[in-house]
Amino acid sequence: MQAGQIAIITNLHGNQVVDAWALAADEAGEYSSMDHTRSMNSSIYFEKGMVVVSNRRRAMVTLLDDSAALRHDTLLCPCNAELYQQLGCNGHHRNCSDNFHEALSAKATDLPFTPASLNLFMNVSVHSDGTLERHAPASKAGDFVALRAEMNLVLVLSACPQDITVINGDDRTPRDVAIRIVADYPEAFS
Ligand SMILES: [Zn+2]
């Protein structure tokens, strides 16, 4: 994405969590950091108007709009192959961490580790005693978020393939989302 462009991510069926990362196009090793994002926003959730910052505290993407006014998760790690083994899967299971690295390899780049993801549409409540509770997404079919790039960057998205817990809906069935990159944010979406 070029700075100023907007990614509109539509939850076609309402149930789908989308793990998201950004990498600075012009700075090797600069990536979206949930640690720094929570510190910058003074919030453990990610909501409309907040900004994702990099490990160098530079603004990367802003949540320009959110049709369902959700509290997106910043706390849980992206799923990986080992998680599915621990959940009892035999053989390889698709996972967000592998999706991240596969997507980067398609751009002839990579990172030597998997940063924490911004978990769009992921519905995790944080209780006063500090415990977390995973819920099905609160979004409905057609709900969307609009993310504005604040620098030239590579945006990586993974429709989470989790089909064992309810994080992608009570029927535990991951489904497609739609992504559009636009130059101007349509007034119709505001
Ligand atoms: Zn996942």
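The values are calculated or read from the model by the stated rules, or taken from the named source; none is laboratory data. The shown structure was predicted, so the numbers you read here are calculated from the model rather than taken from an experiment. Cβ atoms come from the backbone with ideal geometry, glycine included; neighbour counts cover every protein chain shown.
Residues Val52, Val17: which one is modelled with pLDDT of 95 or more and in contact with a Cys (Cβ under 6 Å, 6 or more places away or on another chain)?
Working: Val52 fails: in contact with a Cys (Cβ under 6 Å, 6 or more places away or on another chain).
Going through Val52, Val17 in turn, the sole match is Val17.
Does Asp143 satisfy being at pLDDT below 95 and either closer than 20 Å to Glu82 by Cβ or not aliphatic (A, V, I, L, M) (or both)? So that I can check it myself, show each step before the final result.
On the way: at pLDDT below 95: no; either closer than 20 Å to Glu82 by Cβ or not aliphatic (A, V, I, L, M) (or both): yes.
For Asp143, the condition - at pLDDT below 95 and either closer than 20 Å to Glu82 by Cβ or not aliphatic (A, V, I, L, M) (or both) - is not met.
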For segment 158-189, which residues satisfy the criterion of being surrounded by 16 or more Cβ atoms within 10 Å (Cβ to Cβ) and within 11 Å of the ligand (Cβ to nearest atom)? Ser158, Ala159, Cys160, Pro161, Gln162, Asp163, Ile167, Asn168, Pro174
Which members of segment 55-103 meet the condition of being at pLDDT 95 or above, away from the ligand (no atom under 16 Å from the Cβ) and either over 15 Å from the mean Cα position of the chain (by Cα) or part of a helix (DSSP H, G or I) (or both)? Asn55, Arg56, Arg57, Arg58, Ala59, Ser67, Ala68, Ala69, Gly88
Could you list, in sequence order, the residues of segment 74-122 that are under 12 Å from Ser158 (Cβ atoms) and of a type in the set (Gly, Ala, Ser)? Ser97, Ala103, Ser117
Would you please list the contacts, defined by Cβ atoms under 6 Å and residues six or more apart or on different chains, that run from a residue in segment 86-106 that is touching a residue at least 12 places away in the same chain (Cβ under 8 Å) and under 16 Å from Val17 (Cα atoms) to a residue that is part of a helix (DSSP H, G or I) and more than 10 Å from the ligand (Cβ to nearest atom)? Asn95/Ala81
Can you tell me which residue within segment 23-49, out of those that are farther than 26 Å from Thr165 by Cα and among the aliphatic types (A, V, I, L, M), is modelled with the lowest pLDDT? Ala28
Among all residue pairs at least 6 apart or on different chains, which show Cβ distances below 6 Å where the first residue, located in segment 121-134, is closer than 14 Å to Asp73 by Cα and the second is of a type in the set (Lys, Arg)? Val124/Arg134
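Within segment 143-162, work out how many residues are under 17 Å from the mean Cα position of the chain (by Cα) and in a loop (DSSP other than H, G, I, E, B). Don't jump to the end; show me each part of the working.
Initial filter on segment 143-162 (under 17 Å from the mean Cα position of the chain (by Cα)): 143-150, 153-162.
Then drop every residue that is not in a loop (DSSP other than H, G, I, E, B), which leaves 150, 160-162.
Final tally of qualifying residues: 4.
If you go through segment 105-124 one residue at a time, how many are within 16 Å of the ligand (Cβ to nearest atom), among the aliphatic types (A, V, I, L, M) and not in a loop (DSSP other than H, G, I, E, B)?
The number of residues fulfilling the criteria is 3.
Name the residue, out of Ser128, Ser139, that is within 19 Å of the chain's Cα centre (by Cα) and among the hydroxyl-bearing types (Ser, Thr, Tyr). Lay out the reasoning, then the answer.
Numbers: Ser128 fails: within 19 Å of the chain's Cα centre (by Cα).
From the options Ser128, Ser139, the qualifying one is Ser139.
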Could you please find all residues in segment 37-88 being closer than 21 Å to Gly130 by Cα and surrounded by 20 or more Cβ atoms within 10 Å (Cβ to Cβ)? Thr37, Phe46, Leu70, His72, Asp73, Thr74, Pro78
